[in-house]
Amino acid sequence: QVQLVESGGGLVHTGGSLRLSCAASGRTDTIYRMGWFRQAPGKEREFVATINRRGTPDYADSVKGRFTISRDNAKNTGALQMNSLEPEDTAIYYCAGSTRLWAREEVEYNFWGQGTQVTVSS
């Protein structure tokens, strides 16, 4: 099994930045992809970004150019640097792990963190 724990959420003004972190433990050797998803109030959870073990990222169009995903395989950690934040980015952000070579859909991720709240005020 794999355990994922997010940290770094909080309240920020429009245009500000936050850095989310994800710490993985357990059978981390099974995680090929680390991803971030978010769920805004009244909406379904949506894909934000993903990165494979080689460090190749992929982003949702809504965050491309503003967010940067990264991971440190040696430390079993992942991160999501969020810049130029907008009120529309307000959501609970979830770190997720997948054993698949390619995964952008929620159902393709095997492991999930508990989520961290990000609130962007206008």
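The values are calculated or read from the model by the stated rules, or taken from the named source; none is laboratory data. As the structure is a prediction and not an experimental result, all values here were calculated from the model. We place every Cβ from the backbone using ideal geometry, glycine too, and count neighbours over all the protein chains shown. Ligands, DNA and RNA are stripped out before the accessible areas are found, and what is left, the full protein with its side chains, is counted by its heavy atoms. Shrake-Rupley method; radii C 1.70, N 1.55, O 1.52, S 1.80 Å.
In table form, for the structure just shown:
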{"read-out": "Long-range amide H partners of residue 27 with built H, under 5 Å", "value": "2, 3"}
{"read-out": "Carbon/sulfur fraction of accessible area - the chain, other protein chains in place, 1.4 Å, %", "value": "48"}
{"read-out": "Per residue accessible area in Å² of the range 18-122, where ligands, DNA and RNA are left out and the probe is 1.4 Å", "value": "51"}
{"read-out": "Dipole magnitude of the chain, debye to nearest 20 (Cβ charges: Lys/Arg +1, Asp/Glu -1, about Cα centre)", "value": "400"}
{"read-out": "Beta bridges by DSSP in the chain, antiparallel share as percent, to the nearest 5", "value": "90"}
{"read-out": "Percent of C-alpha pairs per 5 Å bin, the chain, short to long", "value": "2, 13, 25, 26, 19, 10, 4, 1, 0"}
